[in-house]
């Protein structure tokens, strides 16, 4: 079973996002209710004897559904609503399994929340809600459950976060060799990008249309315009590109130029010389009419790469930790016997 909350920086934020799903006063998308839907107190799953009822599962599944509609613009044809709800019901069951096992383990380890844990959790919650333009009070008051329940869910999220911090996150390290291997792989990829740029330039030298090639392969924002940057003065381009543009012959495709932005192939359509000021007109600087094809390399930002490696290692460690909890648990699903955990 895929861990439904697996994140690096804030497992709490992911947990809260799950409970925020469906927040707001709009009704959730209509589910195709079947005549044989179980009673609200029907137990759909058990984790070490802890039950998940049909009513609780449906509330969470509809919340997941509504959040996908609101944030991902999910559209489900009316004849596939039941299929969609089955997907979200299974997601709700997986979430229940994850949360139950994590909270049981936190209790076994006698973990308790401190005021500082709560303050840090509220700060993380506030950051996670920025994209919704919500405050933390909005989260508690507009959630799919009543305010006391939402606050309990918040506390559960904090406790899971603390469990993972103590048992997983604090033990994850990035070795210098890990970082250097990733940097080396990126440099190899960027050399291939440079080779691609040289191959593109050869296409142009063999007669390919600059505009057509730009529209096809360029990663410049002006690619749709055939790479046309318009009239460009000095000071607007990276220095290596500016030097090439203002020295290149009009009408010719220049060699590949490397800058902080990537690999540029330039064509100068016209050059407009500078004009000195007169008694009635200001000075006009030199400009070129320029087009480019740009291929962007992967930036070697060691801080971000370190964070990426740490996130990958952490996610793998959480998955391993959660798998160990599942291996010692008794998990039953009466609603979907085919589910594997």
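Take residue 167 and decide whether it is out of contact with any strand residue (DSSP E or B) (no Cβ under 9 Å at 6 or more places or on another chain) and surrounded by 16 or more Cβ atoms within 10 Å (Cβ to Cβ). Working first, answer last.
Values: out of contact with any strand residue (DSSP E or B) (no Cβ under 9 Å at 6 or more places or on another chain): yes; surrounded by 16 or more Cβ atoms within 10 Å (Cβ to Cβ): yes.
Here the answer is yes, as residue 167 does meet what is asked.
With the requirement that a residue be more than 19 Å from residue 102 (Cβ to Cβ), over 20 Å from the mean Cα position of the chain (by Cα) and assigned to a helix (DSSP H, G or I), what does the stretch 289-341 give you? Across the stretch 289-341, there are no qualifying residues. Listed by position, the strands (runs of 3 or more DSSP E) enclosed by the stretch 220-274 that each have at least 3 residues that are free of Cβ contacts under 8 Å to residues at least 40 places away in the same chain are 262-272. Would you be able to say whether some residue in the stretch 109-119 is over 17 Å from residue 336 (Cα atoms), in a helix (DSSP H, G or I) and touching a residue at least 24 places away in the same chain (Cβ under 8 Å)? Yes, there is a match, as at least one residue in the stretch 109-119 is over 17 Å from residue 336 (Cα atoms), in a helix (DSSP H, G or I) and touching a residue at least 24 places away in the same chain (Cβ under 8 Å). Yes or no: residue 268 surrounded by 13 or more Cβ atoms within 10 Å (Cβ to Cβ) and within 18 Å of residue 219 (Cβ to Cβ)? Against the criterion (surrounded by 13 or more Cβ atoms within 10 Å (Cβ to Cβ) and within 18 Å of residue 219 (Cβ to Cβ)), residue 268 does not qualify.
Applying the condition of being in a helix (DSSP H, G or I) and in contact (Cβ under 8 Å) with a residue 12 or more places away in the chain to the stretch 139-152 and asking which residue is nearest to residue 162 (Cα to Cα) yields 150. Flag: residue 187 does not match the condition of being surrounded by fewer than 16 Cβ atoms within 10 Å (Cβ to Cβ), within 23 Å of the chain's Cα centre (by Cα) and farther than 30 Å from residue 103 by Cβ. Given the criteria assigned to a loop (DSSP other than H, G, I, E, B) and either over 19 Å from residue 103 (Cβ atoms) or outside the structural domain of residue 57 (by TED's automatic domain parsing) (or both), does residue 181 qualify? Against the criterion (assigned to a loop (DSSP other than H, G, I, E, B) and either over 19 Å from residue 103 (Cβ atoms) or outside the structural domain of residue 57 (by TED's automatic domain parsing) (or both)), residue 181 does not qualify.
The values are calculated or read from the model by the stated rules, or taken from the named source; none is laboratory data. As the structure is a prediction and not an experimental result, all values here were calculated from the model. Every residue, glycine as well, gets a Cβ built from its backbone with ideal geometry; the counts of neighbours run over all protein chains shown.
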